[in-house]
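The values are calculated or read from the model by the stated rules, or taken from the named source; none is laboratory data. No experiment lies behind these values; they were computed from the predicted model shown. Neighbour counts are summed over all protein chains in view; Cβ atoms, including those assigned to glycine, are modelled from backbone coordinates with ideal geometry.
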Amino acid sequence: MKATPRSLITKPSGPWEPAPFTGEVSKVSDKSSRAKGSKGEEIVRDYLRKQGMKILDMNFRVKIGEIDIIAKEKDTLVFVEVKSATSVNFGNPLGWVTPQKQQRIVRVSQWYLMNKGLHNASIRFDVVSVDPDRKICHVRDAFRPESEFSV
């Protein structure tokens, strides 16, 4: 296929001209995804509090990844991954957290425990999803580290 010379390509006129492709993720979609995620995290935070958990940290970020919510339930630290659905037919939230994502969460939790000096803490990994109708699906002990967990 022969390339069309640039001089023959016409551009739309006026304010509707598309922005040039830069190879970057759209800031608009990134912000709306982030806003949707933040709203879901707020809903889940309130839900976890009503379940008797104490929220220790939200959006805990380090270079290797992030944990949405870190909570405490009795003597157990709970690392929570939050998933916000755009449809009421969102399915099982366990399917949304890939093995790679699980391992990233495990590595971040190890970093958290090590830096907080919590070497012998009892821990658990939960996944909580929230749909547009604010229906919550909470999967306790959703996954476990593949290898022996050490801090």
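Structure notes:
- Filtering the stretch 102-151 to residues that are polar (S, T, N, Q), in a helix (DSSP H, G or I) and closer than 17 Å to Leu56 by Cβ leaves Ser109, Gln110, Asn115.
- Selection over the stretch 45-68 of residues that are in a strand (DSSP E or B) and touching a helix residue (DSSP H, G or I) at 6+ places or on another chain (Cβ under 6 Å) gives a count of 5.
- Applying the set (1) loosely packed, with under 14 Cβ neighbours inside 10 Å; (2) modelled with pLDDT of 90 or more to Val88 leaves exactly one unmet item: (2).
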